[in-house]
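Have a look at the structure below before the remarks.
Please treat every number below as a calculation from the coordinates, not as lab data. This is a predicted model, so every value here is computed, not measured. All Cβ positions, even for glycine, are placed from backbone atoms using ideal geometry, and neighbour counts span all protein chains on display.
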Amino acid sequence: MEVLVIGGGLAGTEAALTLASLGYNVLLTEMRPVSMTPAHRTSKLAELVCSNSLGSLSTDNAKGELLHELEVLGSRLVRLAKRCRIPGDKALVVDRELFADLVEAEIDNEPRIKVVRREETSVPTASFAIFAPGPLASDALLNFVLQAENLSEAHFYDATSPTLVADTIDFDYAFWGNRFGEGEDYLNIPMTKEQYFWFVDELIAARNAPRHDFDKVESFFERCLPVEEIARRGKDSLAYGPMRPTGLNIPSKFKDVYAVIQLRKENAEGTLLNMVGFQTGVSHSDQLRIFRQLPALRHAEFARLGQLHRNTFVPGLVNRSLQSKTNPRWFYAGQFVGTEGYLEAIAGGLWAAMNLDRMINGLPPASLPEETIMGGLFRYIEEVLPVVKQPIGANWGLVPVPTVRKSDRKQERKRRAQEAVSSALRGLGKPSKGI
Ligand SMILES: Cc1cc2nc3c(=O)[nH]c(=O)nc-3n(C[C@H](O)[C@H](O)[C@H](O)COP(=O)(O)OP(=O)(O)OC[C@H]3O[C@@H](n4cnc5c(N)ncnc54)[C@H](O)[C@@H]3O)c2cc1C
């Protein structure tokens, strides 16, 4: 029997690989390069559309805990991500090209997975399918799903941050160093107070890029705001946010540093640097004009400028097993169901595939305790998202507060989540061999 997986992004490739490991034949359909999305640059599977960080490696952090849970549950994409890790302080930062190459090679080497490049616009009701078309799902497929599921979509805006060609930066006006720690993974472009307020004024006054495919509604995902939007909310907001200079060992030649722009290597060679937390929807000509007035960037070449994109999800689509509420043979995963973030998309792909397997084998859906980040995340998708219509990424607010002293809560949340995911794994039993 064959399972159709729609979308060769993070959720879709993880789902396809998990299904293949479970013994299923998979038809993975990806519309690129036949039809491109506004954010993807390549035709590669598992392309990271913006940052090349998969979040913290520390399980003190909810993203780090999610990473741990994915490893325990056997995520193949997380294993590949760790193979192409590049320095990024405490975060799992990957060489984006290599990551996509490794995922493609892993899929090519799976005899059970067939990849077809086509835009999927409808799916027969009787097919076993995992839909993972992402936040930039094609209109035809989005409309098909909305009609089939009798629902309406929601959306917000998400932006990408600029990437620069490293050797076009003037390093006399910048310095390497990590916040609060050893290492030189980040390049910092310092600004005095005067430069900073000039920069903020320029961002606020800049023109937005034309938004041909958007309506007038402006709603942003709060944890991924464009810098110009942060600046509009208060002139000092950036200096206390992504541009904060705290924890940096600033060389003495830079006086009165009030803020910094941080850049991080995008590939192992370090030939490309990405501005960290600097997503922007300012028009390309204004980005070039503003950035090139900074001495360090006077002659900088931009491999990619920031862009704002509509980001679509469908509240109320699935239960916590990621199964459609109307068709038991259909599962959904990734940003399309309302999770936010790379790792969260991978988690969705894994979870949908595991539950599809259980459904085919006549088993009840797997459940993950609500003490785990994945358990809390998918409970939110089923219970809270249809009401609040705000997507969510991994955070500790998704799990119940432990009933221990306040000072012990952090440790207890972590201990409890790790114990719960290990025992849940034991409860899931032996993997299926497909049909
Ligand atoms: C502009 C932007 C920037 C983002 N930046 C970040 C970031 O920096 N960090 C972060 O953690 N998250 C970020 N996200 C959020 C999210 O983590 C990513 O979008 C992530 O790639 C979602 O994974 P996915 O598998 O759901 O979707 P995707 O990775 O987008 O994969 C979906 C795939 O489905 C394909 N597809 C769509 N429709 C069809 C169809 N009809 N038929 C066949 N194939 C189809 C697409 O081409 C795509 O390859 C960003 C999102 C956007 C929109």
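Using a ≥ b ≥ c from the Cα gyration tensor of the chain (square roots of the eigenvalues), is it rounded, prolate or oblate, where a/c under 1.5 gives rounded and otherwise the larger of a/b and b/c decides, a/b for prolate? Kindly include the intermediate steps, with their values, before the conclusion.
Details: a/c = 1.81, a/b = 1.54, b/c = 1.18.
Prolate is the answer for the chain, as a/c is 1.5 or above and a/b outweighs b/c.
Using the Cα centre of the range 163-308 as the reference point, and only Cβ charges (+1 on K/R, -1 on D/E), how large is the resulting charge dipole? Debye, rounded to the nearest 20.
Values: 18 positive and 21 negative charges, 61 e Å.
Its charge dipole is roughly 300 debye.
Taking θ = phi - 60°, what integer Hz values does the Karplus form 6.51 cos²θ - 1.76 cosθ + 1.60 yield along the range 271-281, in sequence order, with x for Gly and Pro?
Per-residue couplings from phi come out as 7, 10, 10, 10, 6, 7, x, 10, 5, 8, x Hz.
Rounded to the nearest Å, what's the spacing between the alpha carbon centres of the range 380-398 and the range 71-140? Just the number, please.
Here the two parts' Cα centres lie 23 Å apart.
Which translational diffusion coefficient, to the nearest whole µm²/s, is obtained for the range 234-302 from the Stokes-Einstein equation, given a Kirkwood hydrodynamic radius over C-alpha pairs, 20 °C and 1.002 mPa s?
Translational D for this selection: 155 µm²/s.
With +1 on each Lys and Arg Cβ and -1 on each Asp and Glu Cβ, how big is the dipole of the chain about its Cα centre, in debye rounded to the nearest 20?
800
Among all the aspartates and glutamates, which ones have a C-alpha under 18 Å from LYS325's C-alpha, if same-chain residues fewer than 8 places away are not counted?
Hits, sequence-local ones excluded: GLU149, GLU153, ASP357, GLU382, GLU383.
So how much slack lies between ARG244 and GLU184, counting 0.36 nm per residue of separation and subtracting their Cα-Cα distance, in nm? Can you show the working numbers first?
Numbers: separation 60, 0.36 × 60 = 21.60 nm, distance 1.70 nm.
Contour length minus the Cα-Cα distance gives 19.9 nm.
Choose one of ASN25, LEU73, ALA11: the residue whose Cα lies farthest towards the positive end of the charge dipole of the chain (beta-carbon charges +1 Lys, Arg; -1 Asp, Glu; about the Cα centre).
The listed residue farthest towards the positive side: LEU73.
Express as a percent, rounded to the nearest 5, the fraction of DSSP beta bridges in the chain (both residues included) that run antiparallel.
Values: 29 of 47 bridges.
Antiparallel bridges make up about 60 percent of those DSSP assigns within the chain.
Any idea which of LEU297, PRO402, GLY55 is furthest toward the positive side of the dipole for the chain, if Lys and Arg beta-carbons carry +1 and Asp and Glu beta-carbons -1?
Working it through, the farthest residue towards the positive pole turns out to be PRO402.
Can you list the residues, at least 5 places off or on another chain, whose amide H is less than 5 Å from the amide H of ALA137, using H built in the peptide plane?
Distant-sequence amide H within range of ALA137: THR312.
What is the set of long-range amide H partners of SER324 at a cut-off below 5 Å, with H atoms built 1.01 Å from backbone N?
TRP330, PHE331, TYR332
With n ≥ 4 as the cut-off for DSSP H runs, can you work out [θ] at 222 nm for the chain, using -39500 (n - 2.57) per run divided by the number of residues, rounded to the nearest 500?
Details: 13 runs with 140 residues, N = 435.
Calculated from helices alone, the mean residue ellipticity at 222 nm is -9500 deg cm²/dmol.
Could you tell me which of the pairs LYS63/LYS414; LYS389/LYS410; LYS235/LYS410; LYS63/LYS90; LYS63/LYS265; LYS63/LYS410 are separated by over 22 angstrom between their Cα atoms in the structure shown?
Details: LYS63/LYS414 12 Å; LYS389/LYS410 28 Å; LYS235/LYS410 33 Å; LYS63/LYS90 12 Å; LYS63/LYS265 20 Å; LYS63/LYS410 14 Å.
Table pairs above 22 Å Cα-Cα are LYS389/LYS410; LYS235/LYS410.
So how strong a dipole does the range 256-403 carry about its Cα centre when Lys and Arg Cβ are +1 and Asp and Glu Cβ are -1, to the nearest 20 debye? If you can, show how the numbers build up before the last one.
Working: 13 positive and 12 negative charges, 76 e Å.
It comes to approximately 360 debye.
Counting only residues 5 or more places away or on other chains, whose amide H sits under 5 Å from the amide H of LEU54 once H atoms are built in the peptide plane?
Sorted by chain and number, the residues that satisfy this are LEU92, VAL93, VAL94.
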